[in-house]
Structure formats: C-alpha cells, structure tokens
Amino acid sequence: MGQSAGSIFLLDDDELVLRALKRLLGASGYGVQAFLSAEAMLASSDLDAADCFILDLGLPGIDGLAAQQALTSGGGRRSIIFLTGRGDIPASVKAMKAGAVDFLTKPVDAQALLAAVEVALSRTRAEQEQEYRRTSVRRRLESLTPREAQVLDLVVAGRLNKQIAADLGTVEKTIKVHRGRMMTKMGVRTVADLVRLVALADAALGALDPGPTTTTRGDAVRMLDE
C-alpha cells in the first residue's frame, strides 16, 4: 500500500504494459487513469486533478517529451515520471532538465516505480502547500485598504509610527489605527511575522520594493488579478 493516496495518469501505447502497471498502482492504493495515447490523455477533463503523470517516452504521434511540454506549457510544474524501452540518455537529460521526477527503463522494477511515485507525490504535495500559502497571503494583501498597504510597506522597511506619519503626512495616532487594522487583516501579531509573510509575497509577486509614493504590494496584487 502506498504511503498516501494520489491520482495518477498513466500513459503507454502498449496495452499489456498499461494494464500491468495499472494493476500494480491500483493495488498500491492509488487512483489510476490509463491512456493509450497522449492525445487522449491531454483531452481528459480530469487533467488538472492528476497528482502524478507516468509517461512512456516512445509514443506515436505526440511522444512523451512533447506531452511533458504540453503539460507544463501553462507555467505550472507537473510531477512526471518517464518510462522508456531503451536507454536514451539525451532524452532523459532533456526530460530531467524540464522537471521530470525520474526516468525509468522498461521492464520497470515495481519497487523502483512505486518509490518514484512517492517522490512525485511528495513534490506535488509540497508545491500545493506552497501555492496554498501564497494564495492565503495574496488574499490578505487584497483585503488591505490603500493606506493600510502603504503602512505595511513602511513597517516592513523598519520605519517607526512617528516616521510613517511624517512620510504619509498624517498624525501618529492615525498611523497606529491603520497599523493595528493592517496587522489584524494580515493575521500576525509581531513585525517579525509580518516580515516573513511579506517575504513570501515578494517571492510570488516578483520581489517588490515600493516606497511611500510608489505602487504598494496591495496595488500590485490587484493589478495582477486584472
């Protein structure tokens, strides 16, 4: 039994191999959808639900490398394992550079395949968790008013309330109100926690470094969504 359930898309033009691998993966606790052609797999309405792809390299029509390119063309990463009936070093190097998890030679050792699947699923889970965290930060930033977003940038820059008030042409008491509301919306209690969240947002949004008169992170998030 696999360490964790996962949805696997299996692609091989050899029906006997396809059936054998589907039985192996199914018996190990995975949900498997099997395809005899890349065209059929790429047309599946469930494509985005797959946690791992196992692709035969040598396919008629759209081959394994072309299928990998199609799967990753949207910019997202996919956890892909390649199978090949021959040792193809140039193809394996190209596949790995494009982000493949592993490259296995047929006949595939069952334990090696299952181990590769667990590595692939671990990568998928890690990327999903990272995306969840980024989405959470994005939503918090979107909830800020323009003034709260300005205050956030200046707090992270190390400015004190009095200095922020001078920068924004207001009084310190007003800044304290904006700062308190901003910290609540961001879900943090300390400046250190706020800095960590902003670092995560910067990684997702392109390392913004706005000043008091430039575009804020909140503005950037809204522009990205337009």
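The values are calculated or read from the model by the stated rules, or taken from the named source; none is laboratory data. It should be emphasised that the depicted structure is a prediction, and the values quoted were computed from it without experimental measurement. Every residue, glycine as well, gets a Cβ built from its backbone with ideal geometry; the counts of neighbours run over all protein chains shown. Just so you know, the surface numbers come from the protein's heavy atoms only, side chains and all, with ligands and any DNA or RNA stripped out. Shrake-Rupley method; radii C 1.70, N 1.55, O 1.52, S 1.80 Å.
Quick one: what do you get for the stretch 1-144 if you divide its Cα Rg by 2.2 N^0.38 Å?
Normalised by 2.2 N^0.38 Å, the Cα Rg of the stretch 1-144 equals 1.08.
Using a 1.4 Å probe on the protein chains only, how many percent of the accessible area of the stretch 137-186 belongs to carbon and sulfur?
51
Provide the FRET efficiency to the nearest 0.05 for the Lys176-Arg125 pair, computing r from the beta carbons and using R0 = 41 Å.
Taking R0 as 41 Å, the efficiency between Lys176 and Arg125 is 0.50.
When we measure straight from the Cα of Lys185, which lysines land under 29 angstrom away, once same-chain ones fewer than 8 places off are left out?
The qualifying lysines are Lys162, Lys173, Lys176.
Length gain on complete extension for the stretch Glu39 to Gln69, per 0.36 nm per residue less the alpha carbon to alpha carbon distance?
9.5 nm
How many percent of the alpha carbon pairs in the stretch 12-55 exceed a separation of 12 Å?
61
So how strong a dipole does the stretch 105-173 carry about its Cα centre when Lys and Arg Cβ are +1 and Asp and Glu Cβ are -1, to the nearest 20 debye?
For this selection, approximately 180 debye.
Using the heavy atoms of the protein chains alone and a 1.4 angstrom probe, what is the accessible area of the stretch 39-140 per residue in square angstrom?
I get 53 Å² per residue for the stretch 39-140.
Where Lys and Arg each count +1 and Asp and Glu each count -1, what net charge lies around Leu47 among other residues with Cβ under 13 Å from its Cβ?
For residues surrounding Leu47, the net value is -3.
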